[in-house]
Amino acid sequence: MAHFQYLIKALARLAAALFVTAGFMLTYEVIARYFFSAPTIWAAELSQLTLIWGTLLAMAWLLGARHHIAVDALVDLLSPEQRRFTEAFAMLCVAAFSAVVAWKGWEIFLDSFERGRTTGSMLDLPTWVSELAVPVGFALLFLQALLEAYRSLTGERDIDAPHGGYE
C-alpha cells in the first residue's frame with residue numbers, strides 16, 4: 001500500500017509540473033504570436049496534451065487527499081459508523097465508474113493505436129498519446145477508490161479529518 005501511495009504522490013507532482021509546463025508553453029505562444037507575429041505550430045497542441053495528462057494523473061491523489069468536491073450536508077448528520085459505510089459505498093461507486101471508463105478508454109486508445117490515427121493538426125501527433133491518459137488515469141483512480149473504501153470500512157481513515165487524515 002505504501003508503494004502505491006508513493007507512486008500516486010509522485011504522479012501528482014508530475015501532474016503539477018505538467019500544469020506549469022503548459023503555462024510556460026502558452027505564455028511563450030502569446031508572446032510569440034502577439035509581440036513578434038511568429039506563432040508556433042506546437043504550443044497549443046502540446047499544452048492541451050500536458051493539461052489532459054496532468055488532470056488525469058492527479059485524480060487518484062486528489063481523491064486520497066480529499067480535494068475533490070464533496071456535498072456532505074446530509075452525511076454530516078449521520079453517526080460515525082453510518083458515515084464510514086456511506087463513505088465506503090461512495091468510494092465503491094467511484095471505483096465502478098472508474099473501471100468502466102478505464103475499460104472503454106482502453107478500447108478507444110487501442111483502436112486509435114492500431115489504426116494510426118493522428119490529430120490532423122500541423123503537428124499531427126498520434127491521437128493515442130492523449131487517449132492513453134484516460135485508461136491510465138481512471139485505472140489509478142479505480143485503485144485509489146478501492147483503497148479509500150477499505151480505509152473507510154476498517155476505520156483506518158479518520159472520517160472527521162478534513163483531508164482524509166493525510167496529505
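The values are calculated or read from the model by the stated rules, or taken from the named source; none is laboratory data. A quick note: this is a predicted structure, and the numbers were derived from the prediction, not measured. Glycine gets a Cβ as well: all are built from the backbone with ideal geometry, and neighbour counts include every protein chain shown. The protein model used for the area step is the full one, side chains on, heavy atoms only, and it has no ligands, DNA or RNA in it. Shrake-Rupley method; radii C 1.70, N 1.55, O 1.52, S 1.80 Å.
Springs between Cα atoms under 10 Å define the GNM used for the chain, and in it the highest mean-square fluctuation of L125, L140, L18 occurs at L125. With the cut-off at 26 Å, report for the chain the share of all Cα pairs above it, as a whole percent. Summing the P(r) tail past 26 Å for the chain gives 42 percent.
Think of it as helices only: each DSSP H run of n ≥ 4 in the chain is worth -39500 (n - 2.57), and spread over all residues that comes to -25000 deg cm²/dmol at 222 nm.
Among S121, S47, S130, the residue with the largest mean-square fluctuation in a Gaussian network model of the chain, with springs joining Cα atoms closer than 10 Å, is S121. For the chain, the solvent-accessible area of protein heavy atoms averages 60 Å² per residue (probe radius 1.4 Å; ligands and nucleic acids excluded).
What the Cβ-Cβ distance of I31 and A10 gives, at R0 = 30 Å and to the nearest 0.05, is a FRET efficiency of 0.40.
Largest mean-square fluctuation among A32, A22, A96, in a Gaussian network model of the chain whose springs join Cα atoms under 10 Å apart, belongs to A32. So, with a 1.4 angstrom probe, what is the percent of accessible area on the chain that is carbon and sulfur? Roughly 70 percent, rounded to a whole number.
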